[in-house]
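Only one structure is covered here, and it is reproduced in the block below.
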Amino acid sequence: MSTDAPSQTRGTTTGGGAGKGSKGGPGLAGAESADRREVTQGRWAYTLLTPTLILLAVVIVYPIINAIIMSFQKDAGLDPATGFFVQGGFAGADNYVHWLLQQCNGQACPPGTLGSQFWNAMGTTFFFTIITVILETILGFWMAVIMARAFKGRSLIRAAVLVPWAIPTAVTAKLFFFMFAFDGIINQLFGTQILWTGSEGPARWAIIISDVWKTTPFMALLILAGLQLIPDEVYEAAKVDGASAWQRFTQITLPLVRPALMVAILFRTLDVLRMYDLPAIMTGGANNTTTLSILVVQQVRQGLNGASALSTITFLVIFLVAFIFVRFLGANAVESAAPKKK
Amino acid sequence: MKPRKFLVPAAAVAVLAVTLTACGGGSGSGNGGGGSDAASQGLDGRGPITFVTGKDNSNVWRPTIDRWNSAHPDQKVTLKEQTDNADQQHDDLVQHFQANDANYDVVTVDVVWSAEFAAKGWLQPLKDKMAVDTAKLLPATVKAATYNGTLYAVPNSSDGGLLYYRKDLVPTPPKTWDEMMSMCSIAKQHNMSCYAGQYQKYEGLTVNAAEAINTFGGKIVDDQGKATVNSPEAKAGLSKLVDAYKSGNIPKEGITYQEEQGRQAFEDGKLLFLRNWPYVYNLAKSDGASKVKDTFGVAPLPGKDGPGASSLGGHSAAISVYSKNKATAHDFATFLIQDEQQKFFATQGSLAPVSSELYKDPAIVAKLPYMPTLLTSIQNAVPRPVTPFYPAVTKAVQDNSYAALKGEKTVDQALSDMQAAIDAASASK
């Protein structure tokens, strides 16, 4: 900002701001009018932004605040005298204690309650996140590098690669559910008798495979977009200087594609952290495949306020992860338009 | 500059995270509160009403409503179809009840939802002026629609489990569980698996576990809704399933079976016995791929020393307390259990009737030959736990019986965990 501002002012002054400069010296007057213009421009910007801000407040801020308020309310309890539910009232931090400490009515939640599965679901969610994002990044990068080369039928390949991403996740999940069935095509193809959806390891890997199949194209296209911003001359110059293929990759491709790569990883990470369809349809959350989102949905059926607390916790977790990405790893998914380095 | 630098990414992240989480918290309008005021209003109201039900796949509702409408031109019924997904139907009803929607007059509820909706004060108690004559209805269907001693819905269709068996290999179907297990040697001789039900961790497992427990005299919850599952009878029942799985009489892939996988295995000739719903009958008879078209029979589920206790399925019609025209709603709900209607549901949509007389009706039996067997099944059926905490109870049953089946915990441990989990869920937090 501090380096940009003067040059901009100077530009406007020489342009057409002279007519208004009646007070003081010419230089000063020019700066003043430019300031005024900036102020009016700023005002305009706010006027134009207001509808958007109001809309965002209604559709995003209000539900969030509402959910947070609800998360401090008790779920309705049964009045044994009448057999009807009565409103629970203020709960303090009970709902949060229930989840974070896995406490039901002052003692450890017994197996078979949702409360007993919180940390397990958290672990499962992060397990899926870490494994799938690593696999998708590597495979996506590889696919992007191939697609970036010039060859016959490149546009066809690019379109074809998008097909898995275009299929709705629920459909993908059902598809893989049948493929991973005991009599399904995967077991028949490999001559195995694995209970894919009936035991922990295979169930988790079935979900990971499905997710990688579905979302690697997304990753590949984002990275491809980044790759295409790198001018060919840079590579040619490097070749002239005698850089090896590996050196070109690590010294040119990686650093230059890094912004796009970080955005792709950020988006995928946030996406997997709220994964619902694949495990819900393929295993129903059995065998340690219950993610936080599945837990939220199951809790909604049992009590809305407990679910609000859980989704608030989920929100905070995702917030934290996204924050780390943006703040410390420099993924600038949102403000990418601001600093132009040309 | 420093704090701003910090804030921009934070705000950006917040927007990102919110749009990506997108699960928020749903609407906050209160549930509960008894609804006793609403229940005393509109009792004499007559006029147009709306009937809400799941997707009309077998086209039974349109003709039914047309018939009603031509007889009652001043009290027309409008059909509102929901999706064909049961969970979504449930959530749709919840949303409209929470909003005190007067436009959902009569709704169909799955047998396992009625207690929850009744306890939330959303269903009109069917007593006094609204009373319904249930004398000719099958007792289990009435019991499933009754909460706290009051009837809250009119049973509309029923369902029960059947034992499908290979009559070419087993001339007389087994009457008891132990007899069936002793016949598993026949399966071995023919290089096939013996028996399967639904053991994937989902609602079907609750159905199967409840059947095992009820058959041997156990109860998951008592009439007051208190957990009573940690009993020797329940242990005897659940142990039968666990032992059968351990010994291989239930094949190891059974742990991944829902209704359809079991049906396919049976039609492929891979199973000697299969527990499933009546819908399998017509498919196994007519499916091109079915290898058992002419070689299977149906029998009541095998029990301890007679027919076993099937879990009850089916739907009831309930009147919303927020309805303005409850007199019409009441007439329409009872219109649905008239013999003529019930017969139409059975022949057109293969829905099991709720009155026992119709199971002997020649027209129905001609179309659905399994009807007499199904009657035995439903006469011995036990509703799944009638409790307003059903979602938590079924979760407790599924998780723990699944662990027991897989041998991750003993039957004793599973039942005591089940008991504790139901207690924890029912105690108000």
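Could you list all residues from segment B:249-308 that are more than 14 Å from chain A (Cβ to nearest Cβ), assigned to a helix (DSSP H, G or I), crowded, with 20+ Cβ neighbours inside 10 Å and not small (Gly, Ala, Ser)?
B:Val280, B:Tyr281
Assuming B:Val132 fulfils every condition listed in (1) assigned to a loop (DSSP other than H, G, I, E, B); (2) open to solvent by less than 10 Å² (accessible area, probe 1.4 Å); (3) of a type outside the set (Lys, Arg) apart from one, which condition is it?
Result: B:Val132 passes all but (2).
Are there any pairs with C-beta distances below 8 angstrom linking a residue in segment B:395-424 that is within 9 Å of chain A (Cβ to nearest Cβ) and outside any helix (DSSP H, G or I) to a residue that is of a type in the set (Phe, Trp, Tyr) and open to solvent by less than 40 Å² (accessible area, probe 1.4 Å), with the two at least 6 apart or on different chains, and if so which?
none
Any residue at all in segment A:33-43 that is open to solvent by 30 Å² or more (accessible area, probe 1.4 Å) and modelled with pLDDT of 90 or more?
No, segment A:33-43 contains no residue that is open to solvent by 30 Å² or more (accessible area, probe 1.4 Å) and modelled with pLDDT of 90 or more.
Out of the residues in segment A:56-67 meeting the condition of being facing another protein chain (nearest Cβ under 8 Å) and closer than 25 Å to A:Val97 by Cα, tell me which one is surrounded by the most Cβ atoms within 10 Å (Cβ to Cβ).
A:Ala67
So which of A:Leu329, A:Leu295, A:Leu320 ends up being open to solvent by 50 Å² or more (accessible area, probe 1.4 Å) and modelled with pLDDT of 90 or more?
A:Leu320
If B:Asn400 satisfies all but one of (1) open to solvent by 10 Å² or more (accessible area, probe 1.4 Å); (2) at pLDDT 95 or above; (3) closer than 27 Å to B:Asn214 by Cβ; (4) out of contact with any Lys or Arg (no Cβ under 7 Å at 6 or more places or on another chain), what's the number of the condition it fails?
Among (1) open to solvent by 10 Å² or more (accessible area, probe 1.4 Å); (2) at pLDDT 95 or above; (3) closer than 27 Å to B:Asn214 by Cβ; (4) out of contact with any Lys or Arg (no Cβ under 7 Å at 6 or more places or on another chain), the lone unmet condition for B:Asn400 is (1).
Determine if segment B:229-242 includes at least one residue that is open to solvent by 50 Å² or more (accessible area, probe 1.4 Å) and assigned to a loop (DSSP other than H, G, I, E, B).
So far as segment B:229-242 goes, yes, one or more of its residues are open to solvent by 50 Å² or more (accessible area, probe 1.4 Å) and assigned to a loop (DSSP other than H, G, I, E, B).
Among the listed residues A:Leu175, A:Leu224, identify the single one that is open to solvent by 70 Å² or more (accessible area, probe 1.4 Å), assigned to a helix (DSSP H, G or I) and among the aliphatic types (A, V, I, L, M).
Going through A:Leu175, A:Leu224 in turn, just one is open to solvent by 70 Å² or more (accessible area, probe 1.4 Å), assigned to a helix (DSSP H, G or I) and among the aliphatic types (A, V, I, L, M): A:Leu175.
Kindly indicate which of B:Val382, B:Val386 is of a type in the set (Val, Ile, Thr), closer than 26 Å to A:Asn105 by Cα and touching a helix residue (DSSP H, G or I) at 6+ places or on another chain (Cβ under 9 Å).
Answer to the check: B:Val386.
Can you tell me which of (1) surrounded by 17 or more Cβ atoms within 10 Å (Cβ to Cβ); (2) modelled with pLDDT under 85 is the one B:Thr53 doesn't meet?
Status for B:Thr53: all satisfied but (2).
Does any residue of segment B:178-200 turn out to be within 27 Å of A:Gly112 (Cβ to Cβ), touching a Gly at 6+ places or on another chain (Cβ under 8 Å), modelled with pLDDT under 95 and open to solvent by less than 30 Å² (accessible area, probe 1.4 Å)?
Among the residues of segment B:178-200, at least one is within 27 Å of A:Gly112 (Cβ to Cβ), touching a Gly at 6+ places or on another chain (Cβ under 8 Å), modelled with pLDDT under 95 and open to solvent by less than 30 Å² (accessible area, probe 1.4 Å), which makes the answer yes.
Under 7 Å by Cβ, and 6 or more places apart or on different chains, what pairs join a residue from segment B:130-147 that is more than 25 Å from B:Ser323 (Cβ to Cβ) with one that is outside any helix (DSSP H, G or I)?
B:Lys136/B:Ser355; B:Leu138/B:Ser158; B:Leu138/B:Val354; B:Leu138/B:Ser355; B:Ala140/B:Leu312; B:Ala140/B:Ala381; B:Ala140/B:Val382; B:Ala140/B:Pro383
Looking at B:Pro372, B:Pro383, B:Pro362, which is the one that is open to solvent by 30 Å² or more (accessible area, probe 1.4 Å), more than 14 Å from every other protein chain (Cβ to nearest Cβ) and in contact (Cβ under 8 Å) with a residue 12 or more places away in the chain?
B:Pro372
Here's a check for you: in segment A:74-94, which residue that is at pLDDT 90 or above and more than 8 Å from chain B (Cβ to nearest Cβ) is surrounded by the fewest Cβ atoms within 10 Å (Cβ to Cβ)?
Here the answer is A:Phe90.
Residue by residue through segment A:261-292, note down the ones that are more than 11 Å from chain B (Cβ to nearest Cβ), more than 14 Å from the chain's Cα centre (by Cα) and open to solvent by less than 30 Å² (accessible area, probe 1.4 Å).
Those that are more than 11 Å from chain B (Cβ to nearest Cβ), more than 14 Å from the chain's Cα centre (by Cα) and open to solvent by less than 30 Å² (accessible area, probe 1.4 Å): A:Leu278, A:Pro279, A:Thr291.
The values are calculated or read from the model by the stated rules, or taken from the named source; none is laboratory data. Everything quoted here is computed from the prediction, not taken from an experiment. Note that each Cβ is placed from the backbone with ideal geometry, even for glycine, and that neighbours are counted across all protein chains shown. Ligands, DNA and RNA are stripped out before the accessible areas are found, and what is left, the full protein with its side chains, is counted by its heavy atoms. Shrake-Rupley method; radii C 1.70, N 1.55, O 1.52, S 1.80 Å.
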